[in-house]
1. Of the residues A103, A79, A144, which single one is crowded, with 19+ Cβ neighbours inside 10 Å, within 21 Å of N38 (Cα to Cα) and small (G, A, S)?
2. Scan region 13-29 for residues that are touching a His at 6+ places or on another chain (Cβ under 6 Å) and part of a loop (DSSP other than H, G, I, E, B) and report the count.
3. Anything in region 1-27 that is more than 21 Å from E73 (Cβ to Cβ) and either surrounded by 11 or more Cβ atoms within 10 Å (Cβ to Cβ) or modelled with pLDDT under 90 (or both)? List them, or say none.
4. What are the pairs with Cβ atoms under 6 angstrom where one residue, in region 109-135, is polar (S, T, N, Q) and the other, located anywhere, is in a helix (DSSP H, G or I)? Sequence gap at least six, or different chains.
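The values are calculated or read from the model by the stated rules, or taken from the named source; none is laboratory data. All figures in this text were calculated on a predicted structure; none of them were measured in a lab. Every residue, glycine as well, gets a Cβ built from its backbone with ideal geometry; the counts of neighbours run over all protein chains shown.
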Amino acid sequence: MFQGFNLLPRTNALENVELPLLYDRTGHARGTRDAARNALERVGLGDRVDHEPNELSGGQQQRVAIARALVTEPSLVLADEPTGNLDTRTSYEIMALFQTLNAEGVTVLLVTHEHEIASYAARVVELRDGRVIRDKPVEGRRRAVEDLAAFREPVEAP
């Protein structure tokens, strides 16, 4: 997944997600439209399949990019700053999705400069000047669904 989404501007969400399947030269890709629709439903955009990127919010565009990455059913997802351009709530939603994917057996390798986002990972490898300076499991791993639920609760006035 790209940091800048790289969605085709004059192509709707469904067609953007379907694109990797159209380039499948193995002959295994069948039912590409259904597979793309299922991937969009998985990321919560089943009702936005006909919308072009300029009709979607940044978070929705990011979810289309995630659906495009998932449509081929990969065992590994590479994500470059997937929350870099998103608000807090949408970042939690994206991290919740990644945690769900990881629980389902998909390895998610995520690059981020945000320590808060890294706290959702099972393992953090920290690099400085091209060298590994830390590599260890995250203790007290945050759960994005819990943070998202707390974020949605109304804040009481003092």
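1. Working: A103 fails: crowded, with 19+ Cβ neighbours inside 10 Å; A144 fails: within 21 Å of N38 (Cα to Cα).
After applying the criteria, what remains is A79.
2. Of the residues in region 13-29, 0 are touching a His at 6+ places or on another chain (Cβ under 6 Å) and part of a loop (DSSP other than H, G, I, E, B).
3. First pass over region 1-27, keeping only residues more than 21 Å from E73 (Cβ to Cβ): 3-4, 8-12.
If the condition is that a residue be more than 21 Å from E73 (Cβ to Cβ) and either surrounded by 11 or more Cβ atoms within 10 Å (Cβ to Cβ) or modelled with pLDDT under 90 (or both), then Q3, G4, L8, T11, N12 are the ones that fit.
4. Filtered contacts from region 109-135: T112/A118.
Rundown of residues vs (1) at pLDDT below 95; (2) aliphatic (A, V, I, L, M), yes/no style:
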position	(1), (2)
E52	no, no
G59	yes, no
R63	yes, no
A67	yes, yes
P74	yes, no
L78	yes, yes
E81	yes, no
L86	yes, yes
M95	yes, yes
